[in-house]
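A short write-up of the structure that comes next.
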Amino acid sequence: LTSKFLTGMVRYLFLPLVLGYLLVLYGYGAKILLNMELPKGGVCLLIIVLMIGCLGIELLLYPLQRKAEAEGGKTHAFECWLVRWLPIIILPLLVLMSVAIGRRLYDYGITEDRLYVLTLNLWFYAVCIGLYISSARRIHWVTMSFGALFLLTSALPVNFCSITLHTIENRIENFLSSHDRPALPMTEDSYTAYMESLPSEEAQSLRGDLLY
């Protein structure tokens, strides 16, 4: 009974929702192309949600299909096709995500969050291509690779946090070296006066780096 309920939820609720969401994102991508405008950073979150849905479909349909094959039962042709080709269908949206990340990095520089999103984007490429090549017949490596990637980027002495901090410190130092360096340490009044002496965009950028 539990197996039938899960099967029905996947096939008749979860699957249509993910496919509908996929069509919406393709429509949004087409609008961006027609207007010849760069995607905004918010598109990354939309595509991350889509990839979570895609991985959910792969992980949920995988045991159902393997069970049907082991018992000599009939597998749904559409589901077999979807498990194989859904990762490839999503690839153009991953390119859109890459462009959005590149724009954020170019406009505002490196932060810890952006490095994580960039790494996630590259991992999505690897997952989609890997699932297609393997025909989604082996999926345990997906969760294992995610765990290994998280450890490599977060648990080692050199991680995204330390890289971001070092980059921002260098950016602040380079900024001060190319401008009239104020006397340090600064009081609140001298800090305010120094910021007011800078062009607004430079002051905003420096203030953001200092706050980080």
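Rounded to the nearest 20 debye, what is the charge dipole size of the chain about its Cα centre when +1 sits on each Lys and Arg Cβ and -1 on each Asp and Glu Cβ?
1480 debye
So what is the calculated 222 nm ellipticity per residue for the chain, using -39500 (n - 2.57) for each DSSP H run with n of 4 or more, over all residues, to the nearest 500 deg cm²/dmol?
-27000 deg cm²/dmol
Just need the relative contact order of the chain here, percent rounded to a whole number, with Cα pairs under 8 Å and 6+ apart.
With pairs under 8 Å counted, the relative contact order is 18 percent.
Give me the angle, in degrees from 0 to 90, between the Cα long axis of helix 160-178 and the longest principal axis of the Cα atoms of the chain, rounded to the nearest 10.
The helix 160-178 is inclined about 30 degrees to the chain.
How much of the accessible area of the chain, in percent, comes from carbon and sulfur atoms when a 1.4 Å probe is used?
Carbon and sulfur atoms account for 68 percent of the accessible area of the chain.
Relative to the first principal axis of the alpha-carbon coordinates of the chain, what is the inclination of helix 112-133, with its axis defined by its Cα atoms, in degrees from 0 to 90 and to the nearest 10?
20 degrees
Per residue, how much accessible surface does region 85-191 expose to a 1.4 Å probe? Answer in Å², no decimals. Walk me through the numbers on the way to the answer.
Values: 6410 Å² over 107 residues.
Value for region 85-191: 60 Å² per residue.
The values are calculated or read from the model by the stated rules, or taken from the named source; none is laboratory data. In this text, all values refer to a predicted model and were calculated from it rather than measured experimentally. Note: ideal-geometry Cβ built from the backbone for every residue, glycine included; neighbour counts use all protein chains shown. Accessible surface areas use protein heavy atoms only, side chains included; no ligands, DNA or RNA. Shrake-Rupley method; radii C 1.70, N 1.55, O 1.52, S 1.80 Å.
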